[in-house]
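Let me begin by presenting the structure, written as structure tokens, before commenting on it.
The values are calculated or read from the model by the stated rules, or taken from the named source; none is laboratory data. Just so it is clear, the structure is predicted and the values come from calculations on it, not from any experiment. Here the Cβ positions follow ideal geometry from the backbone for every residue, glycine too, while neighbour counts run over all protein chains shown. Side chains included, ligands, DNA and RNA excluded: accessible areas come from the protein's heavy atoms. Shrake-Rupley method; radii C 1.70, N 1.55, O 1.52, S 1.80 Å.
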Amino acid sequence: MPKFNFIERNDTRFNSVNWQKLGFGKYFADYMFVANYRNGKWDDGKIVPYGPFEIEPSMMTLHYGQTIFEGLKAYYNVKGGINIFRPDKNAQRLNNSAKKLVIPEYPVELFIQAVKEVVHYNKAFVPQKRGESLYIRPVLFGNSNVLGVHPSDDYMLIIFASPVASYYEEGLNPVKIKVADNYVRAVRGGLGSAKTAANYAASLLAGQEAKKNGYSQVLWLDGVNLSNIDEVGAMNILFVLNGEIITPSLEAGTILNGVTRDSVLHLAKSMGIKTSERVISINEIFEGLQNGKLSEAFGAGTAATISPVGILSYKDNDYVLGDGKIGTISQKMYDTLLGIQYGEIEDKFGWIIQVN
Ligand code: COI
């Protein structure tokens, strides 16, 4: 199976992991993939020990943020082996982000192979507990050392891995979300649909203020009128209105094309649940809450999986969804998605790639 050169380490990071309390993104597995882009082409790429690497103070990305990343997961399969979930979608999205940030694309087939090898060499780090997984983080950035503002000449792609538990401390308990009414994340024509550092940087201040007030995350509205719903920085948002799953459409280019969002929409269709991707105003959501037609809201993301929303706060008023517990459709999506990811439910969609 291996294609890339492999440099073995003479120790392991395994014992430095607190396996009883993984949290999210705190521990890093033994090996990472590295490929360099120089003189207009990608080199062969190799698997090397995870660890620090040197950069110069003038390295462009530190200053101008020409960097994109991805997030995907590998799961233990209850029948043996390891499942990687939809790496092709991440490869395509990485290249879509690359176009927006004027970064050279990385071939989809090589990306999938690199992810498979990162999982293969780090297989001891795939947690065996349901709800836990090996999170894989590809990051691609310009690394020329120049101070002029223009695209970099040189780039580096690194793919490393981290054994993780749930992203939110709440786990599957509903999270409290604050609707941002005085900050914006993205605007039409901007970088909103790219998985790039700028979007996460734009979320930090609002996120910090929301946290101080007891909320886990911020729900972003459109950046012009602050009236239509976009996404929650770490996940997409879906609502159940009149029994139908509705979610903001990708058309405006202001939200991330989430792999979990897409998977939920496919699962819903296969279950006979109506779905709609469209413009959703914040007023429509509050009307639905008041007249009882909005029964559930949940976030969907690789890190967050399915994350029920228990409270939406808007202009200092807290609105409780359902009875504050996970809703029936959110639970069904969670169970089915995890069932497929852990190999308990047949993968009718061809989403899983197995690695041994
Ligand atoms: C992911 O879900 O993979 C993400 O990149 C979200 C990030 C905030 C952890």
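Only one of the listed residues (Gly350, Gly299, Gly322) is on the phi > 0 side of the Ramachandran plot and buried (at least 17 other Cβ atoms within 10 Å of the Cβ). That residue is Gly322.
Would you point out which residue out of Thr254, Thr260, Thr247 is polar (S, T, N, Q) and within 15 Å of the chain's Cα centre (by Cα)?
Answer to the check: Thr260.
The residue of segment 291-309 that is nearest to the ligand (Cβ to nearest atom), among those that are farther than 24 Å from Gly71 by Cβ and of a type in the set (Gly, Ala, Ser), is Ser295.
Here is a check on your reading of the model: is Gly288 without any contact (Cβ under 8 Å) to a residue 24 or more places away in the chain and away from the ligand (no atom under 16 Å from the Cβ)? Taking the combined requirement at face value, the residue does not satisfy it. Contact map, segment 16-32: first residue within 29 Å of Pro2 (Cα to Cα), second residue of a type in the set (S, T, N, Q) and open to solvent by 60 Å² or more (accessible area, probe 1.4 Å), Cβ cut-off under 6 Å, separation 6 or more or different chains; pairs are Asp30/Thr12. Here the condition is being within 16 Å of the ligand (Cβ to nearest atom), assigned to a helix (DSSP H, G or I) and surrounded by 12 or more Cβ atoms within 10 Å (Cβ to Cβ); of Lys89, Lys73, Lys26, it holds for Lys89 alone. For segment 60-70, the set of residues classified as over 28 Å from Thr305 (Cβ atoms) and open to solvent by less than 10 Å² (accessible area, probe 1.4 Å) consists of Met60 only. The set of residues in segment 127-160 being of a type outside the set (S, T, N, Q), open to solvent by less than 10 Å² (accessible area, probe 1.4 Å) and farther than 26 Å from Met60 by Cβ consists of Pro127, Leu134.
For segment 310-346, taking the residues that are within 18 Å of Leu265 (Cβ to Cβ) and in contact with a Leu (Cβ under 8 Å, 6 or more places away or on another chain), the one that is farthest from the ligand (Cβ to nearest atom) is identified as Gly327.
Of all residues in segment 187-222, those being farther than 19 Å from Ile285 by Cβ and either within 15 Å of the ligand (Cβ to nearest atom) or open to solvent by 30 Å² or more (accessible area, probe 1.4 Å) (or both) number 25.
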